[in-house]
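Here's the structure, in structure tokens; my notes come after.
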Amino acid sequence: MMRVAFKMLMQDTAKYLGLILGIVFATVLIAQQAGMAWSVILMSVNATTSKTEVDIWVMKPNVEFVDTPESMAEVCLSRVLSVQGVQWAVPYYTGAGMLRSVDGLFKSVSINGVDDYTLTGAPSKDQMVMGNVQDLAQPDSVLVDYIGYRKLYPKAEPKLGGEFEIGQRRCTIVGIYKSKASFSGLPMIVTRRSVAVALARETLNSMTFILVKAKPGIDHRELADRISSETQLRALSRDNFVEMNINWMIKNSGIIENFGITVAMGLVVGIVIVGQTFYMFSVENRKQFAALKAIGVSNSVILQMLLAQAIFVAVIGYAIGIGICSALFYIMNLSPDSSLVGLFLPDTVALATAVIVIVMVILSSVVSAWKVLTVDPALVFRG
Amino acid sequence: MQPIVVCNNLCHEFQVAGGTIQVLKDISLEIYPGELTMLVGPSGCGKTTLISVIAGLLRHSAGDVFVLGKNIAKLSSMELLKLRREKIGFIFQQFNLLLGLSSNENAAVPLVANQQSWETAQAKSNALLTQLGMGNHLEKLPRQLSGGQQQRVAIARALVHDPKLLLCDEPTASLDSQSGQTVMKLLTELAVKPDRAAIVVTHDPRIYAFADRVVHMEDGRIDKVEQGKEAIRLQRH
Ligand SMILES: Nc1ncnc2c1ncn2[C@@H]1O[C@H](COP(=O)(O)OP(=O)(O)OP(=O)(O)O)[C@@H](O)[C@H]1O
Ligand SMILES: [Mg+2]
């Protein structure tokens, strides 16, 4: 009878297409907006998650978010190093500065200073598009992230050796690396910490994080707790640090609220269009379903038919919608100096949208199925 | 010979605002296989109500109704569904075909509902439609067919699963007299078989001649019964 159900569904092409269009619309709206929201939130932790060699992040106790850190005294490093279970600990600096290009244009950049001796926290070999991380050993040399480079030099092909000033100090590009977009969207400059501090025109004591590796076999959370209690600093395992940043974003950025409104709108519009079309289907096809009941088709089979119809249109609508949505994200990332670069459709969002859309369509169809299930088969004899 | 349908003192009343109306009053009737019985009478006399009760689409108020030996008052709604699905064929005034299905698919629906494979069902409905002169319209949708053609598809749908009882409510009322005659001719040729009973509700005197028996109803009661094709024909001429 499922075949019969599909034929009945497609008998009214206009409504069938309307139904799918409604689902496509809802899918695009929900997935696109939720995708933007979630990928912006994820951007805030990209730099953290990409440093896979770091097990524990240590910071001042009142730091709430990775982009608003505070400087720690140099002595903190030795205190962390003395905690049992620490394999190594290195300083890390994050800050901001003003970049002045050769032709005199100013741009804000984010400055990342890695440990002078080990270069821990610098991009990995795999991330390098051009140049070599080791070249940071040269005086006043820096790495620039690829997206940032395109923003700084929109017209030029990426090349090494370019020069600019940050904080009135001249520096040279020795490497370009690929990284996921950052929340601030600023070009990222990576250099040794001693250089970074100078570029940012900071004075002494410029260390905003301490990156820690645990000894093999040591539980990261336990070690983080131990560091916290022994040093009066805040130490968090990488996962907990990521979680803290995401929570901060959710609470303080207003992203969830802003995008949530559109997502909710997509849901409501979807429910209205889909629900109404299903309802019209049900009302208009009442007599046909009454005939099926008179012929001896049971309500449970009819319900299965309606559900099959619903799932069918939901899957088609979702597939088209998610396709359009992926295309939109692709287009957003085409232009390197657009502020939309780095936005993407996270798998979790695509999956959640699928669940939401399918539940939405099934619910709408079940509600209007009532009209069909309660139809009196004796209706077939009445004009 | 066992009757297919037996009604003993059947009564039915509808609840309406301000009380009840008695629609079937003490109906006793037997319908035998091999016969086409016409149920005739003025509008509102209860013809449709009577066949709805016989079909198990309506639960009657009093009296006994046996269909194929079963007391339908004792059947659960699932058993009634099964009875209709397997043993009863329907033809309606409004055809009530499924608009998204071709002739061939429409006529196959009862078989599909009875768990037959789509292909088997199609083959059987194909053969029957061809017998009904619809061989050139198998793939057409209902909206591409005339009323008479749609009713022929409906006849195929009513007969495709070889039911023991055929119930038709005003099968010619929506058709012009020419198509009406054709439809009734095909119906009598194909529907009336030794092991099957057919009941045709009508108030179209032009088709009385196709009946083996005419049951006249008046205000919820059976008024008189005319037996035999010849008797009916003689009375008319
Ligand atoms: N569901 C219902 N509720 C209340 N009254 C009903 C209902 N169905 C039918 N009736 C009434 O029962 C009476 C008999 O109706 P029925 O449809 O059986 O007549 P009929 O002989 O088929 O008439 P027609 O030739 O016009 O089709 C009518 O008075 C009708 O108004
Ligand atoms: Mg009637």
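Note on chain A: with a GNM built from Cα contacts shorter than 10 Å, the maximum mean-square fluctuation among A:Met249, A:Met72, A:Met265 falls on A:Met265. For the pair B:Asp223 and B:Ala173 in one chain, pulling the backbone fully straight at 0.36 nm per residue adds 15.7 nm over the alpha carbon distance.
Each helix, a run of at least 4 DSSP H residues, gives -39500 (n - 2.57); summed and divided by the residues of chain A, these come to -17500 deg cm²/dmol at 222 nm. Using the Cβ-Cβ distance between A:Asn252 and A:Ala14 with R0 set to 45 Å, the FRET efficiency works out to roughly 0.45. For the protein assembly as shown, a simple Cβ point-charge model (Lys and Arg +1, Asp and Glu -1, everything else neutral) yields a dipole of about 1020 debye relative to the Cα centre. Looking at the square roots a ≥ b ≥ c of the eigenvalues of the Cα gyration tensor of chain A, which shape do they give, rounded for a/c under 1.5, prolate if a/b is larger than b/c, or oblate? Prolate. Under 5 Å between amide hydrogens, built in the peptide plane, is the criterion, and for B:Glu218 it picks out B:Asp223 among residues at least 5 positions away or on other chains. Which GluC sites (Glu not before Pro) in the stretch B:92-148 pass both tests, a DSSP loop state and at most 12 other beta-carbon atoms within 10 Å? Sparse-neighbourhood loop GluC sites (Glu not before Pro): B:Glu139. The H on the amide N of A:Met128, modeled in the peptide plane, is under 5 Å from the matching H of A:Lys178, each at least 5 residues off or on a different chain. The mean number of partner chain beta-carbon atoms within 10 angstrom of a residue's beta-carbon across peptide B:31-40 is 0. By how many degrees, between 0 and 90 and to the nearest 10, does the Cα long axis of helix A:220-231 differ from the longest principal axis of chain A? Relative to chain A, helix A:220-231 is tipped by roughly 40 degrees. Model label sites at A:Gln232 and A:Val315, defined 7 Å from Cα along the beta-carbon direction, differ in position by 6.3 nm.
Amide H to amide H distances under 5 Å link A:Tyr92 with A:Thr208, A:Phe209, A:Leu211, where only residues 5 or more positions off or on other chains count and H is placed in the peptide plane. When the Cα positions of A:Pro154, A:Val355, B:Asn126 are compared along the charge dipole of the protein assembly as shown, B:Asn126 comes out farthest toward the positive end, with charges on each C-beta of Lys, Arg, Asp and Glu. Rounded to the nearest 10 degrees, the angle from helix B:103-113 to the longest Cα principal axis of chain B is 60 degrees. Per residue of peptide B:74-84, the mean number of Cβ atoms on other chains within 10 Å of the residue Cβ is 2. Going by neighbour counts of Cβ atoms within 10 Å, the residues A:Trp57, A:Trp88 line up, fewest first, as A:Trp88, A:Trp57.
For the pair B:Met1 and B:Ser61 in one chain, pulling the backbone fully straight at 0.36 nm per residue adds 18.8 nm over the alpha carbon distance. In the stretch B:134-237, a dipole from Cβ-located charges (positive for Lys and Arg, negative for Asp and Glu) runs towards its positive end, and of B:Pro171, B:Leu186, B:Ala198 it is B:Leu186 whose Cα lies farthest in that direction. Its DSSP H runs of at least 4 residues, each contributing -39,500 (n - 2.57), put the calculated 222 nm mean residue ellipticity of chain B at -10500 deg cm²/dmol, to the nearest 500. Seen through its C-alpha gyration tensor, with square-root eigenvalues sorted a ≥ b ≥ c, the stretch B:116-174 comes out oblate because a/c lies at 1.5 or above while a/b is not bigger than b/c. For the pair B:Phe14 and A:Gln276, label points projected 7 Å from Cα toward Cβ lie 3.4 nm apart.
Which shape class applies to the stretch A:215-297: rounded if a/c is under 1.5, otherwise prolate when a/b exceeds b/c and oblate if not, where a ≥ b ≥ c are the square roots of the Cα gyration tensor eigenvalues? Oblate, because a/c is 1.5 or more while a/b does not exceed b/c.
Counting other Cβ atoms within 10 Å as a rough exposure proxy, the listed residues B:Val225, A:Val375 run B:Val225, A:Val375 from fewest neighbours to most.
The numbers here are math on the coordinates, done by the rules we state, and not lab data. Note that the structure is a prediction, hence the values are computed from the model and not measured. Glycine gets a Cβ as well: all are built from the backbone with ideal geometry, and neighbour counts include every protein chain shown.
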